[in-house]
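Beneath this line is the structure, given in structure tokens, with notes to follow.
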Amino acid sequence: MNTVENKVALVTGSTSGIGLAIARRFALAGAEVVMNGFGNPAEIEQTREAIAEQSKTRVHFVPADLSKGSDAQMLVKQTIAICGRIDVLVNNAGIQHVAPVPEFPDERWDAVIAINLSSAFHTSKIALADMQLRGWGRIINIASAHGLVASANKSAYVAAKHGIVGLTKVSALENARSNITCNAICPGWVDTPLVRKQIEARAVAQSMTVDAATKQLVGEKQPSERFVSPEHLAELALFLCSEAGGSVTGSAYSMDGGWTAQ
Ligand code: NAD
């Protein structure tokens, strides 16, 4: 049974990549969706309108800079003000920075931890209080294979993603007796702007074509040698919101082409 129909879903970082696919899928399943993220305002408005038109549900855009805790809390408060409540929270916004620890810029460490981890605490804090009023809710934290295993040169990202898996478990336990669940999704490589930057950097550093760099990057970690698709991740998120998904809480669900099976 589809339980997102007529529910209110906030998806952070949904102007691009995985978040956009989840926002679109949830709207098509009948949810009232609040989008968020950075980008060109005219393009965001076009995307918002297109999703609303296609899905025939209400789709909003609320700007917030999730590197700031106050903005993250305000985003959920505004969602509740606009839509009357929040039923589903998808903490998806994220950034990456790649450098060995001694060279890792302090400011990038702070930004990755703030956006990829602390923002999920701030949004969950406000959302859980509202979900508890009705005893139903779903929180889905988009973690990563890097929430379960590490790679060199990604200290802040790996720390933040391991942290969000921990936050997921605590939120799940605190609400286990109600119909509020909290789960993490741990994707492997997904072809989005976040990964494109890493592929382009690798192509330049190793004087290879972008195609060769893509094959090398995916093949190194992901036995399937294929990207995970944003649409498949959106289907998993939708399942976690279903009635059957109600029995799943505190889990870190891998969709990683075999990455963490090794
Ligand atoms: P993306 O760059 O396509 O999307 C990131 C989104 O976050 C964008 O909408 C962007 O505007 C938003 N964002 C960034 N900083 C923000 C801020 N300060 N405030 C508000 N919004 C902000 O990247 P993606 O690959 O779709 O990543 C989405 C999530 O999936 C991230 O948490 C990422 O860590 C995770 N993830 C991605 C991959 C991958 O291979 N692409 C793998 C595992 C996990």
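The values are calculated or read from the model by the stated rules, or taken from the named source; none is laboratory data. Just so you know, these numbers come straight off a predicted model, no measurement behind them. Every residue, glycine as well, gets a Cβ built from its backbone with ideal geometry; the counts of neighbours run over all protein chains shown. For accessibility, only protein heavy atoms count, side chains too; no ligands or nucleic acids. Shrake-Rupley method; radii C 1.70, N 1.55, O 1.52, S 1.80 Å.
Counting Lys and Arg as +1 and Asp and Glu as -1 over every other residue whose Cβ lies under 9 Å from the Cβ of S144, the net charge comes to 0. When the Gaussian network model of the chain links Cα atoms closer than 10 Å, the mean-square fluctuations of F104, F61, F239 top out at F104.
When both the stretch 54-86 and the stretch 214-229 are represented by their alpha-carbon centers, they are found 34 Å apart.
If both residues of a DSSP beta bridge must be in the chain, then about 0% of such bridges are antiparallel. For the chain, the solvent-accessible area with a 1.4 angstrom probe is 45 square angstrom per residue. For the stretch 8-50 versus the stretch 139-183, the spacing of their alpha-carbon centroids is 22 Å. By accessible area, using a 1.4 Å probe on protein heavy atoms only, the chain has 54% of its surface on carbon and sulfur. Per-residue ellipticity at 222 nm from helix content only, as computed over the chain with -39500 (n - 2.57) for each DSSP H run of at least four residues, stands at -15000 deg cm²/dmol. At full extension, D65 and S229 could sit 56.4 nm farther apart than now, given 0.36 nm per residue minus the alpha carbon distance. Taking the charge dipole of the chain about its Cα centre, with +1 at Lys and Arg Cβ atoms and -1 at Asp and Glu Cβ atoms, the residue from G13, I164, A23 reaching farthest to the positive side is I164. Computed about the Cα centre, the dipole magnitude for the chain is approximately 440 debye when only Lys and Arg (+1) and Asp and Glu (-1) carry charge, each at its Cβ. A Förster radius of 30 Å, combined with the Cβ-Cβ distance separating Q54 from E200, puts the computed FRET efficiency at roughly 0.45.
At the residue level, R202 shows approximately 50 square angstrom of accessible surface with a 1.4 angstrom probe and all protein chains present. Near F104, once Lys and Arg are set to +1 and Asp and Glu to -1 for all other residues with Cβ below 13 Å from its Cβ, the sum equals -2. For the chain, a Gaussian network of Cα nodes joined below 10 Å ranks E53, E107, E200 by mean-square fluctuation, and the top entry is E107.
Neighbours of A176 by Cβ distance under 14 Å: Lys/Arg scored +1, Asp/Glu scored -1, total +2.
So which of K154/K215; K56/K77; K7/K56; K7/K77 end up more than 18 Å apart by C-alpha? Over 18 Å apart, Cα to Cα: K154/K215; K56/K77.
With one equal scatterer per alpha carbon and no solvent term, the Debye-computed log10 I(q)/I(0) for the chain at 0.17 1/Å reads -1.36. Highest mobility in the GNM of the chain, judged by mean-square fluctuation with C-alpha springs under 10 Å and restricted to S178, S124, S16, is found for S178.
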